[in-house]
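Okay, so here's the structure we're looking at.
The values are calculated or read from the model by the stated rules, or taken from the named source; none is laboratory data. Quantities reported herein were computed from a predicted structural model and do not represent experimental measurements. No Cβ is skipped: glycine too gets one built from the backbone with ideal geometry, and neighbour counts run over all protein chains shown.
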Amino acid sequence: MEDQPCTVLDPSGDLRLSTATQDFVVSSKAMCLASPVWRAMFDPQGRWAKQSSGVFDLPDDDAHALLLLLRIAHLQFSDLPDALVIYRHLLQLAVLCDKYDTVQLVRPWISEWQAPLQAQAEESCREGCEGYEGYETWLFVAWTFGDEAVFGKISRSLVLTSTVAVVDGEERLVNAQGVMVGDTMPPGSVDTIIEARSERISALLEMCYKLLDQYESSTLVAPGDTSICTCGQSSKECDTLVYGCLIKGLRSLKLFPERAKVNEVELSVVAFADKLRSLECFAYPVVLQNDPYGYRYGRHPMGQGSHSSCGFTLAFANHIKVIIGQEEPSGVLEAHLTHLHEQKK
């Protein structure tokens with residue numbers, strides 16, 4: 001466009017690239033050497049170049065990110081920045097590197113360019129999160145530049161801390177701050193992360209209902225000599241108390257009497273697990289001889305007849321620890337790993 005700034009990277013340039021905010025005069029030879037995609041676009045003998053009259057409109061390309069690539073392609077290294085300080089610029093650089101196959105072009109600079117932003121992103125961490133909170137689209141940056149460790153870290157964090165919202169019939173990830181995760185994500189990542197989250201939620205629900213079935217069987221169905229209580233005395237009464245506490249807790253989370261489906265759990269995996277850990281379970285009281293108060297709840301002074309270990313609190317805590325701590329499902333596809341390895345070369 002005539003009314004927007006124009007940066008001349010080659011005074012003898014034979015191409016003019018026009019973004020939404022800035023134009024660039026460049027050399028087709030430099031562009032063709034820098035990228036196989038640009039070679040296909042800008043080769044003077046190519047179909048696109050013959051139809052363009054030397055002017056190419058690139059309305060979707062970020063001008064700041066494109067200028068970085070053009071500076072490198074035209075060997076203007078002294079004009080490159082020491083670091084990128086605005087996250088959007090880094091993300092858009094990753095978008096263009098993926099679009100134009102120019103990862104190798106920026107490889108000597110990318111680590112230093114992203115270092116300040118990466119330190120900032122890694123500090124944005126709360127419980128259950130491994131950093132990058134508010135920087136979830138860094139997943140695309142990691143995918144583009146072959147950073148497998150960061151890719152896995154962000155994917156796992158999203159599996160555990162994100163929730164799901166439906167927008168125009170499409171499932172979208174919402175981060176721990178309640179903010180919709182951006183659209184710039186690697187192919188298949190959002191669906192895979194949502195599926196992995198659902199598997200963890202399903203495991204937590206299965207834990208709850210499996211225990212509920214056991215107590216229903218013990219207190220309502222099984223013969224009188226069958227119990228779950230490990231104490232050895234007042235077993236039926238103990239089972240009934242624990243069963244009642246379990247029902248009360250599940251009802252408070254709207255998991256009873258109707259058994260919830262995975263898509264009805266709106267909390268993140270970590271938040272849902274915290275709710276389950278906080279459910280209260282009382283221990284059946286023990287009658288002690290010569291005790292002026294008559295009853296002691298939970299623990300006999302000599303350790304005999306104690307019901308303190310009969311509840312579900314410890315079992316829930318142990319199961320939740322396993323579900324949260326397991327490596328799979330991680331939200332990472334084999335196709336992602338293959339791409340990451342290729343990008344790292």
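Go through (1) surrounded by fewer than 21 Cβ atoms within 10 Å (Cβ to Cβ); (2) part of a helix (DSSP H, G or I) and name the single condition residue 159 misses.
(1)
When the stretch 310-342 is examined, which residues are found to be in a helix (DSSP H, G or I) and farther than 22 Å from residue 191 by Cα?
313, 314, 315, 316, 317, 318, 319, 320, 321, 322, 342
Pull out all pairs, ordered by first then second residue, where Cβ-Cβ is under 7 Å, the residues are six or more apart or on different chains, the first lies in the stretch 248-274 and is more than 25 Å from residue 175 (Cβ to Cβ), and the second is of a type outside the set (A, V, I, L, M, F, W, C) and part of a helix (DSSP H, G or I).
Close Cβ pairs (under 7 Å, with a partner that is of a type outside the set (A, V, I, L, M, F, W, C) and part of a helix (DSSP H, G or I)) amount to 259/209.
Conditions first: (1) among the aliphatic types (A, V, I, L, M); (2) more than 26 Å from residue 153 (Cβ to Cβ); (3) modelled with pLDDT under 95. Residue 72 passes all but one, so which condition is the exception?
(3)
All but one of (1) at pLDDT below 95; (2) under 29 Å from residue 38 (Cβ atoms) hold for residue 93; which doesn't?
All conditions pass for residue 93, except number (1).
Take the conditions of a type in the set (A, V, I, L, M, F, W, C) and within 30 Å of residue 134 (Cβ to Cβ) and apply them to residue 65. Does it pass?
yes
Please work out which one of (1) modelled with pLDDT under 95; (2) in contact with a Leu (Cβ under 9 Å, 6 or more places away or on another chain) is the condition residue 35 fails and give its number.
(1)
For the subset of the stretch 162-179 comprising residues that are among the small types (Gly, Ala, Ser) and either part of a strand (DSSP E or B) or in contact with a helix residue (DSSP H, G or I) (Cβ under 9 Å, 6 or more places away or on another chain) (or both), which member is surrounded by the fewest Cβ atoms within 10 Å (Cβ to Cβ)?
165
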